[in-house]
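Here is the structure we will look at, set down as structure tokens.
The values are calculated or read from the model by the stated rules, or taken from the named source; none is laboratory data. In this text the structure is predicted, and so the values were computed from the model without any measurement. Heads up, the Cβs are rebuilt from the backbone with ideal geometry, glycines too, and the neighbour counts pull from every protein chain shown.
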Ligand code: C5P
């Protein structure tokens, strides 16, 4: 029997990360944060002095990416070549660099099988931009999570503030709009809902409301 996959795609700041990890926890399924792989690839390029538009070399880094996601005292950590980069890869600048390397075909190809390796029993929640369209096209339930750009900027702002990071709401909104434009307009694996995806606008929904709605949908799809 095939391992079930729930794909959760959508623009940055729609709440995919939070929702995906809550659902994975509730179901006891594995979690793939595909954005982290693009962030880590960009970080590896910075670390090794590779230009972000050097497609061949960045793809080679993506292919041999040495990453681990251990949990220390209940807190998930991200290691790149054994070095802790959990916070480092979460900055807006790191997201921007991720979006640059994510536009390169060879980089996306290099990360494809690595992403599919996350699909193990009893199931997988896959969070990203192209989980339902490219990486797991056979997934029985595909969700496209959105929210207005203003609401997403506001959520990012709060999240950054909670982590003690200084931020400006208006520049966050600009960055979100710029990243949306790059992610939706790129020629390779552009951000768009799969034909069979269910779109959920979370602008006016709380996190528990979204989790409940998705759990209902999963039960319906059995
Ligand atoms: O989701 P997150 O903000 O961590 O993703 C960072 C960037 O990585 C996105 O802006 C997007 O350009 C890229 N990405 C992608 N495909 C994915 C996940 C992320 O292109 N599946």
Could you tell me whether the stretch 68-75 includes any residue that is farther than 10 Å from residue 41 by Cα, surrounded by 15 or more Cβ atoms within 10 Å (Cβ to Cβ) and modelled with pLDDT of 90 or more? no
So which residues in the stretch 104-122 are surrounded by 20 or more Cβ atoms within 10 Å (Cβ to Cβ) and more than 18 Å from residue 68 (Cα to Cα), if there are any at all? 104, 107, 108
If I filter the stretch 73-87 for residues that are within 30 Å of residue 2 (Cα to Cα), assigned to a helix (DSSP H, G or I) and within 13 Å of the ligand (Cβ to nearest atom), do I get at least one hit? no
By residue number, the members of the stretch 88-135 that are more than 12 Å from the ligand (Cβ to nearest atom), in contact with a helix residue (DSSP H, G or I) (Cβ under 8 Å, 6 or more places away or on another chain), closer than 24 Å to residue 23 by Cα and in a helix (DSSP H, G or I) are 116
Can you find, within the stretch 20-57, the residue that is nearest to the chain's Cα centre (by Cα) among those that are within 20 Å of residue 122 (Cβ to Cβ) and in a loop (DSSP other than H, G, I, E, B)? 29
Taking the residues in the stretch 136-150 that are free of Cβ contacts under 8 Å to residues at least 60 places away in the same chain and away from the ligand (no atom under 16 Å from the Cβ) as candidates, determine which candidate is nearest to residue 8 (Cα to Cα). 148
Within the stretch 9-19, can you find the residues that are more than 10 Å from the ligand (Cβ to nearest atom), touching a strand residue (DSSP E or B) at 6+ places or on another chain (Cβ under 8 Å) and assigned to a helix (DSSP H, G or I)? 19
Residues of the stretch 161-177 that turn out to be without any contact (Cβ under 8 Å) to a residue 40 or more places away in the chain and not in a loop (DSSP other than H, G, I, E, B), as a count: 8
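Can you tell me which residue in the stretch 37-52 is nearest to residue 10 (Cα to Cα), limited to those that are within 15 Å of the ligand (Cβ to nearest atom) and surrounded by fewer than 21 Cβ atoms within 10 Å (Cβ to Cβ)? It would help to see each step written out before you state the result.
Step one: of the stretch 37-52, the residues within 15 Å of the ligand (Cβ to nearest atom) are 37-46, 52.
Going one step further and asking which of them are surrounded by fewer than 21 Cβ atoms within 10 Å (Cβ to Cβ), we end up with 46, 52.
Values: 46: 26, 52: 24 Å.
The qualifying residue nearest to residue 10 (Cα to Cα) is 52.
Could you say which residue among 6, 61, 65 is assigned to a loop (DSSP other than H, G, I, E, B) and more than 12 Å from the ligand (Cβ to nearest atom)? It would help to see each step written out before you state the result.
Numbers: 6 fails: assigned to a loop (DSSP other than H, G, I, E, B); 61 fails: assigned to a loop (DSSP other than H, G, I, E, B).
After applying the criteria, what remains is 65.
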Within the stretch 154-163, is even one residue buried (at least 20 other Cβ atoms within 10 Å of the Cβ) and either within 12 Å of the ligand (Cβ to nearest atom) or more than 28 Å from residue 201 (Cβ to Cβ) (or both)? yes
Among the residues of the stretch 178-210, the number that are touching a strand residue (DSSP E or B) at 6+ places or on another chain (Cβ under 8 Å) and in a helix (DSSP H, G or I) is 1
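Any residue at all in the stretch 202-216 that is within 16 Å of the ligand (Cβ to nearest atom), more than 16 Å from the chain's Cα centre (by Cα) and either at pLDDT 90 or above or surrounded by 18 or more Cβ atoms within 10 Å (Cβ to Cβ) (or both)? Spell out the reasoning first.
Start the filter on the stretch 202-216 by keeping residues that are within 16 Å of the ligand (Cβ to nearest atom), which leaves 202.
Narrowing further to those that are more than 16 Å from the chain's Cα centre (by Cα): 202.
Adding the requirement that they be either at pLDDT 90 or above or surrounded by 18 or more Cβ atoms within 10 Å (Cβ to Cβ) (or both) leaves 202.
Yes, the conditions are met somewhere in the stretch 202-216.
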